[in-house]
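Read the structure below first, then the notes.
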Amino acid sequence: MNAGIRSLDFNEQTKNLLVGTRGAEIIEVDTNKGTVIKTLINGHFEGTKQAELWGCACHPTEQIFASCGADSMIRVWSENKMLKAS
C-alpha cells in the first residue's frame, strides 16, 4: 500500500521514531539501524476512500475479537494488539 507518512514523533529516551501513515498504521522505527521494529497499530483503510469499520465481534470466552472493514480485511485482535489479518 502506498499510504504515505502523515506524522512523525521521536522518542528521546529510546531514540526510536514513531511514524503515522495515511493507511491507518503506526510504525516504530529504529533510527540507529534504519529498520522497522514493529507495526504498533494497523487499522482498516481503503485507498483514497474514507476508512470504514463494518463489523466487530467478540469471542464468547476469550479476550479476543475480530473486526472487518471497507479494506476487505478481517483482523483478529487481543486486547492490545492485532494477532492476524487475512
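Couple of notes before you dig in:
- All told, LEU17 falls short of being over 14 Å from the mean Cα position of the chain (by Cα), of a type in the set (A, V, I, L, M, F, W, C), open to solvent by 70 Å² or more (accessible area, probe 1.4 Å) and modelled with pLDDT of 75 or more.
- Selection from region 20-36 of residues that are open to solvent by 60 Å² or more (accessible area, probe 1.4 Å), at pLDDT below 85 and outside any loop (DSSP other than H, G, I, E, B): ILE26
- Among residues of region 41-86, those that are closer than 30 Å to ASN11 by Cα, assigned to a strand (DSSP E or B) and either at pLDDT below 75 or charged (D, E, K, R) (or both), counted: 8
The values are calculated or read from the model by the stated rules, or taken from the named source; none is laboratory data. Just so you know, these numbers come straight off a predicted model, no measurement behind them. These area figures cover heavy atoms from the full protein model, side chains too; ligands, DNA and RNA do not enter into them. Shrake-Rupley method; radii C 1.70, N 1.55, O 1.52, S 1.80 Å.
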